[in-house]
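The values are calculated or read from the model by the stated rules, or taken from the named source; none is laboratory data. Just so it is clear, the model here is predicted, and its values are computed rather than measured. Every residue, glycine as well, gets a Cβ built from its backbone with ideal geometry; the counts of neighbours run over all protein chains shown.
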Amino acid sequence: MRKKVDERIRTLISNGVKNRHRSMFVIVGDKSRDQIVNLHYMLSNEVKKSRPTVLWCYKDKLELSSHKKKRAKQVKKMMQRGLLDPEKVDPFSLFVESGGLTYCLYKDSERVLGNTFGMCILQDFEALTPNLLARTIETVEGGGLVILLLHSLTSLTNLYTMVMDSEGISESQRELKDLKEQLSDAFPVGPLIKKCCTLDQGNAVATFLDAILDKTLRSTVALLAARGRGKSAALGLAISGAIAAGYSNIFVTAPSPENLRTLFEFVCKGFDQLDYKEHIDYDVQKSSDPSLKKATVQINIYKQHRQTIQVNLYARLVTIEYIRPHEHEKLSQVELLVVDEAAAIPLPVVKSLLGPYLVFLSSTVNGYEGTGRSLSLKLLQQLEEQSQVSAKGPTSGRLFKKIELKESIRYASGDPIESWLHGLLCLDITNYIPKLNGLPAPSECDLYYVNRDTLFSYHKDSELFLQRMMALYVASHYKNSPNDLQLMADAPAHHLFVLLGPVDESKNQLPDILCVIQVCLEGKISRESAMKSLSDGHQPSGDQIPWKFCEQFQDTVFPSLSGARIVRIATHPSAMKVFSHYGFQSNMYNQDFVEMVIYNQGSVEMIGYGSQAVELLTRYYEGQFAPISELDVEDVETPPLRVTEAAEKSGVTGEHTCMVLKSLKNDELETSDFRPFNLDFRRRFLRLLGYSFRTMDYRLAMSILDPKINYKDGEPKSSTTDGFLRSITDLLSPYDMKRLEAYTSSLADFHMILDLVPTLSHLYFQEKLPVTLTGAQASILLCIGLQNQDISYIEGLMKLERQQILSLFIKVMKKFHKYLYAIASEGLVSTLPKPKETLLEPHKISVDDDLNDAARKVEREIK
């Protein structure tokens, strides 16, 4: 029996299309697929243009296969089982066969980024994660539908209709129209800007073309925006304008080839505006690689002269080949480099791409793709500072411009779905960082434990507090994703702390957050599990520090301890200059917290804000925790002992991760118990400085090693001296000492002793050569002896002249030779035979008596 469709559904879809706002439907029941056909039909009638495309996302299985032959077999089996009437046409089967559907597994959802659809269907609701929700919903265009399919639900919330904005041309649309008329006679800006949909996009294209027409090839233009603002389209139009301006070699780099569909689509649309004809003036080449799914990889233009647009794809398996210096000749002839979604590409890769040519960067700052802020926090800040320095200097350096797109194109401004999604997943929270009223002294600050049940209760005050916490996460850490929010809310081992200044409870306002700490309790792993993990070569998920320690040192006792891992410390941007003070204060309070609660159980103090009390914050000494045996700090430099450092760089930031351990005051473990692990770490780190850490900044390497360089007495300890004397002949031969003496006497070049420097450097940084050096001398020794760097590299690194470096280096060698010569001399003396002592005894008679006796003897012989 046919039923009349509720008029509210038609009204919602109709209003959404008119105002270019997206609509969401939740369909409950096993027959929900039949209603998809009806909703798509109503949407098609309202759109009155090409049939809306559909994105169907699912976990692992579709009710009807996306493959035509497999789907026919499924329909046949359903007819045989009586589930389908063979005499009636199944509307859903017709809907599937009519085309326009894009199927996507949740695990492969990254490939839909940058694409636009009229309808998004999310099957298997229980498999959705915050990342998937943000990734898929934001692909729907204005007026489109978002449909959630549920098999069963006990209760449904009411659907609310939104009051829509009045029709008519907005102020920004009038300004865009004026801009198009103003630039209509300019070439190539005039024809291209006609394809722009918003004023922001029009200004962005005009800025790009200004840099292109300047032709100094010394500009870097960064385009920042949330999703759906037309970044890729603006870049595509700018590329077509560069071709019209005579540029010959243009390279495009992106994290995924499918992210470039919109960009190349608008390159071709720009060509249409410039009266270029496909197959006559240019041709488009698709990739022959099946994994790239016929993505555009090259465009050849023949209208003026042979020009080429190529796409270099960043992929995980070929990242190293892409950034190796000896392959940098791929960009030797480039005139324009376009980096789309630069924030999704590892920061070192982006830095290596910058060169003496025009560079366009685009990055998403809000939404799913905008949660990784390393690009905006580091690279853009560095480029801006370099541009300001070059502008003040006598020579002209690179110019830097930053463009932001705020007005949405994919859907109208004020879209309720965007507001809901951003509010739900804390995607647009950069505006939630309040200005600090002042920076209190660290000693006046208190650490508070955050009640997560209250934090995620959706109370207006706790919601604002959550937004501020997430804003600090995004602004101060390198990589974030919506799944971090789920981890904060649900992970039982994770706990949250905030460092606040003095709290005035008489004021009805939330306190300023200076620092946020996320802590994870780990450990208490049985020795049997640790031994099994080592024998299997498999590291289970979770308990990162115990398993990493077990793997690095092959130790099965450490995982049985319990500890707290500081996952991250996020500090307010205005307090970054005093980060070490606030970070140390937070760490100290955190340590005191987990120690004191073992012995003290205080009452909970409620702090209320707003109309009712919110049980949100508890002072650090008023909680109750399980005892722990060690405190771990990850990604934070602190005085406790370092025990491991990852030899592989992070794929996002290009940095290494260091693990630091500290025992608690009230625990039986002492810092000295970790000393053997620290010594082993130092030895391994010294060996790897010539390999994995060869490009590490010398200041960071010196900070990690923290070597002893000041020996007041100038003499080694007896144990060190004995050990050194026994091994000196194995380390340095007499010929080595002769060469070292010749160099220190300025009779030989420093290349004559380069083979000795690594040996001497290892001995010195292991504190086996008690020679006092200055910081500069020790740093040069580290660069040459441990990192195997040449003098030219050190010149640029330390900003010193070559003669200064060699002067400091020869002073080091003279001190080493003096000490080694003394040690060798002592060893040589000990090997010589000892002289025999001669005993002298006095004569029994005097000299006179002896002479008289001799005289008498002679007289007798004469007679």
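Of all residues in segment 793-815, which are of a type in the set (K, R) and modelled with pLDDT of 90 or more? Write out each step before concluding.
If we filter segment 793-815 for residues that are of a type in the set (K, R), which is where we start, we get 799, 802, 811, 814-815.
Passing the criteria: R802, K811, K814, K815.
Any idea which of L421, L455, L425, L500 is in contact (Cβ under 8 Å) with a residue 60 or more places away in the chain and over 28 Å from L133 (Cβ atoms)? First the steps, then the outcome.
Numbers: L421 fails: over 28 Å from L133 (Cβ atoms); L455 fails: over 28 Å from L133 (Cβ atoms); L425 fails: over 28 Å from L133 (Cβ atoms).
From the options L421, L455, L425, L500, the qualifying one is L500.
Can A530 be described as touching a strand residue (DSSP E or B) at 6+ places or on another chain (Cβ under 6 Å) and either surrounded by 19 or more Cβ atoms within 10 Å (Cβ to Cβ) or without any contact (Cβ under 8 Å) to a residue 60 or more places away in the chain (or both)?
Values: touching a strand residue (DSSP E or B) at 6+ places or on another chain (Cβ under 6 Å): no; either surrounded by 19 or more Cβ atoms within 10 Å (Cβ to Cβ) or without any contact (Cβ under 8 Å) to a residue 60 or more places away in the chain (or both): yes.
In short, no.
Looking for something modelled with pLDDT of 80 or more, under 27 Å from Q486 (Cα atoms) and in a helix (DSSP H, G or I) - is there at least one such residue anywhere in segment 111-119?
Yes, the conditions are met somewhere in segment 111-119.
Kindly indicate whether any position in segment 521-540 is among the acidic types (D, E) and modelled with pLDDT of 80 or more. Spell out how you get there, then give the answer.
In the first step, residues of segment 521-540 are kept if they are among the acidic types (D, E); the result is 522, 528, 536.
If we keep only those that are modelled with pLDDT of 80 or more as well, we get 522, 528.
For segment 521-540, residues among the acidic types (D, E) and modelled with pLDDT of 80 or more: present.
Please state which one of T772, T721 is at pLDDT below 85 and of a type in the set (V, I, T). I'd like the intermediate steps shown before the answer.
Values: T772 fails: at pLDDT below 85.
Within the list T772, T721, the selection yields T721.
Could you go through segment 228-240 and let me know if any residue there is crowded, with 22+ Cβ neighbours inside 10 Å, closer than 30 Å to G143 by Cα, touching a Ser or Thr at 6+ places or on another chain (Cβ under 7 Å) and of a type in the set (A, V, I, L, M, F, W, C).
Yes, some residue in segment 228-240 is crowded, with 22+ Cβ neighbours inside 10 Å, closer than 30 Å to G143 by Cα, touching a Ser or Thr at 6+ places or on another chain (Cβ under 7 Å) and of a type in the set (A, V, I, L, M, F, W, C).
For E126, state whether it is among the charged types (D, E, K, R), over 20 Å from D60 (Cα atoms) and not assigned by TED's automatic domain parsing to the domain that holds D340.
Numbers: among the charged types (D, E, K, R): yes; over 20 Å from D60 (Cα atoms): no; not assigned by TED's automatic domain parsing to the domain that holds D340: yes.
Spelling it out, it is not the case that E126 is among the charged types (D, E, K, R), over 20 Å from D60 (Cα atoms) and not assigned by TED's automatic domain parsing to the domain that holds D340.
Restricting to segment 402-416, name every residue that is out of contact with any Asp or Glu (no Cβ under 6 Å at 6 or more places or on another chain), closer than 20 Å to N15 by Cβ, buried (at least 20 other Cβ atoms within 10 Å of the Cβ) and of a type outside the set (G, A, S).
Selection gives I409, Y411, D415.
With the structure loaded, tell me whether V267 is assigned to a helix (DSSP H, G or I) and either buried (at least 17 other Cβ atoms within 10 Å of the Cβ) or modelled with pLDDT under 75 (or both) or whether it fails that test. Give the steps one after another, and end with the answer.
Numbers: assigned to a helix (DSSP H, G or I): yes; either buried (at least 17 other Cβ atoms within 10 Å of the Cβ) or modelled with pLDDT under 75 (or both): yes.
Here the answer is yes, as V267 does meet what is asked.
Taking the condition of being of a type in the set (G, A, S) and modelled with pLDDT of 85 or more, how many residues in segment 30-52 meet it?
Of the residues in segment 30-52, the ones of a type in the set (G, A, S) are 32, 44, 50.
Within this subset, residues satisfying the condition of being modelled with pLDDT of 85 or more are 44.
Total meeting the criteria: 1.
Residue-by-condition table, conditions (1) touching a Cys at 6+ places or on another chain (Cβ under 9 Å); (2) surrounded by fewer than 22 Cβ atoms within 10 Å (Cβ to Cβ); (3) at pLDDT below 80; (4) in a helix (DSSP H, G or I):
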| position | (1), (2), (3), (4) |
| --- | --- |
| V519 | no, no, no, no |
| I566 | yes, no, no, no |
| S574 | no, yes, yes, yes |
| V594 | no, no, yes, yes |
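Please count how many residues of segment 432-469 are among the charged types (D, E, K, R) and either surrounded by fewer than 16 Cβ atoms within 10 Å (Cβ to Cβ) or outside any helix (DSSP H, G or I) (or both). Full working, then the answer.
The initial filter retains those residues of segment 432-469 that are among the charged types (D, E, K, R), namely 435, 444, 446, 452-453, 460-461, 463, 468.
Next, only the ones that are either surrounded by fewer than 16 Cβ atoms within 10 Å (Cβ to Cβ) or outside any helix (DSSP H, G or I) (or both) stay: 435, 444, 446, 453, 460, 463.
Adding up the residues that qualify gives 6.
How many residues does segment 112-127 contain that are over 18 Å from V26 (Cβ atoms) and surrounded by fewer than 18 Cβ atoms within 10 Å (Cβ to Cβ)?
Narrowing segment 112-127 to residues over 18 Å from V26 (Cβ atoms): 112-118.
Subset that is surrounded by fewer than 18 Cβ atoms within 10 Å (Cβ to Cβ): 115.
Selection size over segment 112-127: 1.
Please work out if D790 is modelled with pLDDT of 85 or more, farther than 22 Å from M737 by Cα and charged (D, E, K, R). Lay out the reasoning, then the answer.
Values: modelled with pLDDT of 85 or more: yes; farther than 22 Å from M737 by Cα: yes; charged (D, E, K, R): yes.
Judged against the criteria, D790 is a match.
Assigned to a helix (DSSP H, G or I) and either free of Cβ contacts under 8 Å to residues at least 40 places away in the same chain or hydrophobic (A, V, I, L, M, F, W, C) (or both): which single residue out of A242, A186, A222 fits that description? Step through it out loud before you land on a result.
Working: A186 fails: assigned to a helix (DSSP H, G or I); A222 fails: assigned to a helix (DSSP H, G or I).
Checking each option against the conditions leaves just A242.
Yes or no: segment 826-847 includes at least one residue that is surrounded by 18 or more Cβ atoms within 10 Å (Cβ to Cβ) and either modelled with pLDDT under 90 or not assigned by TED's automatic domain parsing to the domain that holds S733 (or both). Step through it out loud before you land on a result.
First pass over segment 826-847, keeping only residues surrounded by 18 or more Cβ atoms within 10 Å (Cβ to Cβ): none.
The answer is no, given that none of the residues of segment 826-847 is surrounded by 18 or more Cβ atoms within 10 Å (Cβ to Cβ) and either modelled with pLDDT under 90 or not assigned by TED's automatic domain parsing to the domain that holds S733 (or both).
Based on this model, can you work out whether K712 counts as surrounded by 11 or more Cβ atoms within 10 Å (Cβ to Cβ) and modelled with pLDDT under 85?
Numbers: surrounded by 11 or more Cβ atoms within 10 Å (Cβ to Cβ): no; modelled with pLDDT under 85: yes.
No.
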